[in-house]
1. If the label point is 7 Å along Cα→Cβ of F26, which residues in the stretch 274-304 have backbone nitrogen under 20 Å from it?
2. Whole-Hz Karplus ³J(HN,Hα) for the stretch 344-352, in order, using 6.51 cos²θ - 1.76 cosθ + 1.60 and θ = phi - 60°, x for Gly and Pro?
3. Percent relative contact order of the stretch 15-105, based on C-alpha pairs within less than 8 angstrom and at least six residues apart?
4. Looking only at Cα atoms, what is the convex hull volume of the chain per residue, in Å³?
5. With 10 angstrom as the radius, rank V375, V84, V424, V68 by how many other C-beta atoms surround their C-beta, starting from the fewest.
6. Could you tell me the relative contact order of the chain? Use alpha-carbon pairs under 8 Å, at least six residues apart, and round to a whole percent.
7. Output needed for the stretch 15-105: three equivalent-ellipsoid semi-axes, defined as square roots of 5 times the C-alpha gyration tensor eigenvalues, in descending order, whole Å.
8. Provide the descending list of Cα extents for the stretch 226-282 along its principal axes, expressed in whole angstroms.
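What follows draws every value from the coordinates through simple rules; no lab data is involved. Since the model is a prediction, treat every value here as computed from it, not as a measurement. Don't worry about glycine lacking a Cβ; one is built from the backbone with ideal geometry, like all the others, and counts go over all protein chains shown.
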Amino acid sequence: MSRLWGGRFEGGPADALAALSASVHFDMRLVPYDIAASRAHARVLRRAELLTEDELRQIIDALADLEVAVAAGEFTATIADEDVHTALERGLVERLGALGGKLRAGRSRNDQIATDLRLYVRDHARGLAADLLDLCDALTEQAEQHLTTPAPGMTHTQHGQPITFGHQLLAHVQGFLRDLDRLSDWDDRTSVSPLGSGALAGSSLELDPVAVAKELGFASAAANSVDAVSDRDFAAELLFVTAMIGIHLSRLAEEIILWTTTEFGWVELDDAFATGSSIMPQKKNSDIAELARGKSGRLIGNLTGLLATLKALPFSYNRDLQEDKEPVFDSLDNLTLVLPAMTGMIATMTVRAAVLAAAAPLGFSLATEIADWLVRKGVPFRDAHEITGAVVQYCGKEGVDLHEVPDEALAAISPHLDPTVRSVLTVEGALAGRTTPGSTGPGPVADQLAQVKKTLSGW
Ligand code: ARG
């Protein structure tokens, strides 16, 4: 029998309880982290002279053997094991007999699980950051290719003002850079070891939580044992960061979906990163972008689900907390699938620069240039806006573009207008005029690119 709590019970648990209680089907992925924590704990027990040198060596060897056995599929947990901690204690006792039961001294599954999960998420968040960096690199490389390619800049999905396509792509990078920042300061807050907190009150044995924390790569040991076993802020915060990444991915994905439509035609996906239809032979679909957009929903769900579990949960440990792991694993697993696919899709897509450039001045997107031209002549912007609106109205009625409005029509609309206004009605001029930091002009966009590359190489 592997149960860790049988002593005061007359019979075994009902099948329905065992089935409900078991977490081995998802928590066995914590094995390497549980074993690392066990190793650190064994060393501390040795220092407290609760183990002999020989016992320590036997335990360390058995843990190594057990880790290999799990990885090789030779040791598997059963539903009777309940959770990863119980399964591994069984494995230890199978190898060492009574000695295997010594390791539990001074610790509880409550501080163990909190420790294991922190170790797991810190480790996997590093992989997530690496995947995010790859996506940023792909976006940045495409941005560099199209740094000065004119493109329609949209608000309300309507043509607003011309920008460069590189500027648009770098805008997406900015969001992902903030996500990388979030992961980094989340990691600082997560770098706290709960081990030594026991069930909730700490330990009467001569343990050394600080040494354990250090061995496990944590910056410090928990300041409060009750908090240590109750706190899942780190999991909720990670789920926020992963949901935010999902939302950023969904916004990028939505644009890719629009850009690849027949109506836009701005971008064509590489065959390796697009899908077809079982009935419509001509189809080339952006399923990667759609899955990224779709999966952002479950990432949000995982966050709100865990927040709901934590709400009003009394201190300290409650079994409700077992519900923390699946959403965390699910969000990390799904981003591990989505990010490389999005990166490949972005890196290999073909941007149709000529289509973008032709679309840039459409929808009277240079109207703001007229208003700004009037402002430079001393006309209050309020009036300039009205005058320009009248020009646009004229164009709509007559079916002409802004630069095609005849001299007499300009003069009739306002005495402030004259034919020299046409000099500002080019996309190139509109872009070149935007010289302030953060603008879409060639200078500031080049500065931005340099800054982004510097930031990326610093990660
Ligand atoms: N499996 C539990 C969890 O995931 C840890 C065990 C704590 N169980 C307990 N009865 N105190 O949170």
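1. 295-304
2. Computed from phi, the couplings for the stretch 344-352 are x, 5, 5, 5, 9, 6, 9, 8, 8 Hz.
3. Numbers: 81 pairs, mean separation 35.6, N = 91.
So the answer I get is 39 percent.
4. On the way: hull volume 92.8 nm³, N = 459.
That works out to 202 Å³ per residue.
5. Numbers: V375 14, V84 26, V424 18, V68 11.
Least to most surrounded, the residues fall as V68, V375, V424, V84.
6. Relative contact order of the chain: 16 percent.
7. Working: eigenvalues 118, 36, 25 Å².
Whole-Å semi-axes of the equivalent ellipsoid: 24, 14, 11.
8. 62, 24, 17
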